[in-house]
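Structure record follows, encoded as structure tokens.
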There are 2 protein chains.
Amino acid sequence: MTVNVFGGGTWGIAFSNYLTSINIKVDLYCRSLDTIKQIQINKTYPKFSNFKAPDEINFINSINDMNLDHLNILAVPTKSIPSIMKQIHRKDSRYLILSKGFHPKLKLLSYEIINQKFNIDMKNIAVLSGPNHAEEVVNLKPTAAVVTSTDLSLSEKIQKYLSSVNFRIYLSDDLVGVQVLSSVKNIIAIASGICEGLDLGDNAQAALITRGLNEMKELKSVYDFKLSTLYGMAGLGDLLCTCYSNFSRNKNIGLALAQNKSLDEACKNIDMVAEGVHSSKVVYDIINEFNLEMPICREVYNIIYLNASPELSIKKLMNRELKKEQ
Amino acid sequence: MTVNVFGGGTWGIAFSNYLTSINIKVDLYCRSLDTIKQIQINKTYPKFSNFKAPDEINFINSINDMNLDHLNILAVPTKSIPSIMKQIHRKDSRYLILSKGFHPKLKLLSYEIINQKFNIDMKNIAVLSGPNHAEEVVNLKPTAAVVTSTDLSLSEKIQKYLSSVNFRIYLSDDLVGVQVLSSVKNIIAIASGICEGLDLGDNAQAALITRGLNEMKELKSVYDFKLSTLYGMAGLGDLLCTCYSNFSRNKNIGLALAQNKSLDEACKNIDMVAEGVHSSKVVYDIINEFNLEMPICREVYNIIYLNASPELSIKKLMNRELKKEQ
């Protein structure tokens, strides 16, 4: 079996490495010739320590050399989905989305872009998500994820062929929920990083993340998702991993913001795309349009885009009126 | 205003210290004269670094010197509730429970002991719970909690007088839920510590805790609690703090068990009561009696009481059959 992976970032490389470990052949499209050369010659990848690139990954630099009949796995940042889809959209090809976030300009999730802008039938789209930091998947640490599609036979096939003892894939029938929640959780993770950066303590961080999960539920009035998704691997599971793990780019953005670094400096620090920064803007518009009660996401927007003080914003959140829980 | 606090452990001292910071007078009953002397003479408490005991805490070594008309705050381990209640039960006194756990022999929660064994009317019982590590509360770090009673006027009074900007108390109307969930979460925290001790990674830990929360929901068929409690401060909030914080005794028990230390050694290591060890036994009986699907709690019991290998138990949990979420 051969699959195509698009994207030579950490998740693309880590997932490809995992797939080769279960004897799936991978054609990996990577835009950067430098990255390809470095991996092929040195067998290393600077963002992974102790990583030895397997020979089984077939690095490809030209889309024309990819066979689009294979399952096409999209591991690029959400903002790059349109440019890659422009080159690979084909009516009957199947697409598995690994990206988590809103497109900053189109204000759409990846599956919406693929379906609405490139007319790919929903039955040919699947999404994989969960608490899946690339830095651990590349080392084959035990990981759980969900796969979802409106076409059960597609998600079942992906589960059957891509799941293993080290990477357990569960089925979900809530594609919308998986995509929305995996995007919004990045915003809460930025807040979690700010909380940690301000040294507010484990009590405050746990309270913030708990409020964050309940806040994510607010989006149910806009995106009709299932509560079992919110409380499952693609909701809570992913939220926890992103809010607590030191591998989390979004948490690290928050840590830098808490040290009064500018957004540019914070992003430079992590040297990767933190989807939460883009998603924050889109979700802020949704909050206003639908008049949602999402104070944490609102404050993260204020900090990132309106230069609000992280300290004052978090204090504002902590000091909200006493009331009955939910 | 004066309150009584019973228990000279970390939570009793930290909560008393907090109360004096908001100008509440505290009569603190402490069984150990040595502890009292040390705090009164040295103004320190060995388990808190950088702690200066305030003069406003009135340490008392004899129950007879306590005025039981005050609110009686119980900060002793659950297994000590009967012996302390034997000395202080009085028909019209009011009791605020801080203890989290099942009594190992009576197999009861604290409120059940106070109500059933000492005939205290439920309207005179309140419970305070949440993500509240003593080590942070003692330093007045921002913390959130819930208070609950079957008598709303009691919980409202506690909220009004004991809440502050550093320790936000929310109202809950689900006393049973708050007590059950705060006890069961300690078992999941032991599993979280084992996961961390085995170095399984952040992905696996997030997956385990997510499964843990869903597993706690199983107890709804035995204790009729609200889902808003499960997903609120006293459920998820407390779970997160206990599963992730380095202050968590229960997580630290798990860390020691993962290093193949015996239960005795593990408990000696933390030199405090880890409620999860007792609760594990009681919950195990409940699981069997009501035929509940709680694999994590089952494996923690197997590890603690049947010498199962932590590594094999966790592997067993990870390798459960692929199925639809929920």
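Remarks
- Candidate lysines - alpha carbon under 19 Å from A:Lys25, same-chain residues fewer than 8 apart omitted: A:Lys43, A:Lys52, A:Lys157, A:Lys160
- Here the protein assembly as shown has 46 percent of its accessible surface on carbon and sulfur atoms, given a 1.4 Å probe and all protein chains in place.
- Largest to smallest in accessible area, the residues A:Leu213, B:Leu312, A:Leu106 fall in the order B:Leu312, A:Leu106, A:Leu213 (1.4 Å probe, all protein chains included).
- q = 0.07, 0.12, 0.13 Å⁻¹: log10 I(q)/I(0) that the Debye formula gives for chain A, counting C-alpha atoms only: -0.27, -0.80, -0.94
- Near the amide H of A:Ile97, within less than 5 Å, lie the amide hydrogens of A:Leu74, A:Ala126, A:Val127, A:Leu128, all on another chain or at least 5 residues away, with H placed in the peptide plane.
- Theoretical ellipticity at 222 nm over chain B - DSSP helices of four or more residues, -39500 (n - 2.57) apiece, nearest 500: -13500 deg cm²/dmol
- Mean Cα-pair separation over length for chain B, i.e. relative contact order, pairs under 8 Å, 6 or more apart, %: 14
- Taking the DSSP bridge list for chain B and keeping only pairs wholly inside it, about 20 percent are antiparallel.
- Nm distances between copies for B:Pro104, ranked from closest, using label points 7 Å along Cα→Cβ: 5.7
- Antiparallel DSSP beta bridges within the range A:1-117, percent to nearest 5: 10
- Label geometry 7 Å along the beta-carbon vector: B:Lys268 inter-copy distances in nm: 5.4
- Eigenvalues of the alpha-carbon gyration tensor of the range A:82-228, scaled by 5 and square-rooted, set the equivalent ellipsoid semi-axes at 28, 19, 15 angstrom, largest first.
- Taking only the Cα atoms of the protein assembly as shown, the radius of gyration and Dmax are 25.9, 87 Å.
- Put simply, the C-alpha atoms of the range A:206-271 give a gyration tensor, and the ellipsoid matching it has half-axes of 27, 13, 11 Å, longest first.
- Amide hydrogen proximity for A:Leu71: with H placed 1.01 Å from N in the peptide plane, the residues at 5 or more positions away or on another chain lying under 5 Å are A:Asn4.
- Sum of side-chain charges, B:Ser248 neighbourhood, beta-carbon under 13 Å (Lys, Arg +1; Asp, Glu -1): -2
- Accessible surface buried once B binds A (1.4 Å probe; total of both sides; Å²): 4500
- Kyte-Doolittle mean at least 0.5, axial Cα span of 24 Å or more - DSSP H helices of chain A: A:175-197
- For the peptide A:129-135, the mean number of other protein chain Cβ atoms found within 10 angstrom of a residue's Cβ is 4.
- Within a Gaussian network of chain A (alpha carbon springs, distance under 10 Å), most fluctuating of A:Ser62, A:Ser172, A:Ser262: A:Ser62
- Proximal aspartates and glutamates relative to B:Lys37, as straight alpha-carbon distance under 18 Å, when same-chain residues fewer than 8 apart are discounted: B:Asp27, B:Asp55, B:Glu56, B:Asp65
- The loop-placed trypsin sites (Lys or Arg not before Pro) in the range A:92-192, going by DSSP, that have at most 16 neighbouring Cβ atoms within 10 Å of their Cβ come out as A:Lys105, A:Lys107.
- Residues whose amide H falls under 5 Å from that of A:Ala53, counting only those 5 or more places apart or on a different chain, are A:Thr44, with hydrogens built in the peptide plane.
- Candidates B:Leu128, B:Cys195, B:Val273 compared by Cα position along the dipole of chain B: farthest toward the positive end lies B:Val273, with charges placed on Cβ.
- Relative contact order (percent, whole number), the range B:54-196, Cα cutoff 8 Å, 6+ residue spacing: 19
- Chain B residue nearest by beta-carbon to the axis mapping B to A, with distance in Å: B:Tyr244, 3.
- Column: log10 I(q)/I(0), Debye, Cα scatterers of the range B:177-326, q = 0.11, 0.18, 0.19 Å⁻¹: -0.36, -1.02, -1.14
- Choice from B:Asn269, B:Asn61, B:Asn291 with maximal GNM fluctuation in chain B (Cα, 10 Å cutoff): B:Asn291
- Solvent-accessible area lost in complex, 30 Å² minimum, residues of the range A:177-217 relative to chain alone, 1.4 Å: A:Leu200, A:Asp202, A:Asn203, A:Ala206, A:Ala207, A:Thr210, A:Arg211
- Here the Debye sum runs over all C-alpha atoms of the range B:49-169 as equal scatterers in vacuum, and log10 of I(q)/I(0) at q = 0.22 Å⁻¹ comes out as -1.42.
- Distances between copies at B:Leu227, taken between label points 7 Å from Cα along the C-beta direction, are 0.2 nm in increasing order.
- For the residues A:Leu162, A:Leu128, A:Leu208, a GNM of chain A with alpha-carbon springs under 10 Å puts the largest fluctuation on A:Leu162.
- Per residue, the protein assembly as shown exposes 39 Å² of solvent-accessible protein surface, assessed with a 1.4 angstrom probe and all protein chains in place.
- Inter-chain Cβ neighbour average for residues B:136-147, partner chain, 10 Å: 4
- Reachable lysines, given that their alpha-carbon falls under 18 Å from the alpha-carbon of A:Lys268 and they are not under 8 places away in the same chain: A:Lys47, A:Lys79, A:Lys251
The values are calculated or read from the model by the stated rules, or taken from the named source; none is laboratory data. No experiment lies behind these values; they were computed from the predicted model shown. Positions of Cβ are backbone-derived with ideal geometry, glycine not excepted, and every protein chain shown enters the neighbour counts. The protein model used for the area step is the full one, side chains on, heavy atoms only, and it has no ligands, DNA or RNA in it. Shrake-Rupley method; radii C 1.70, N 1.55, O 1.52, S 1.80 Å.
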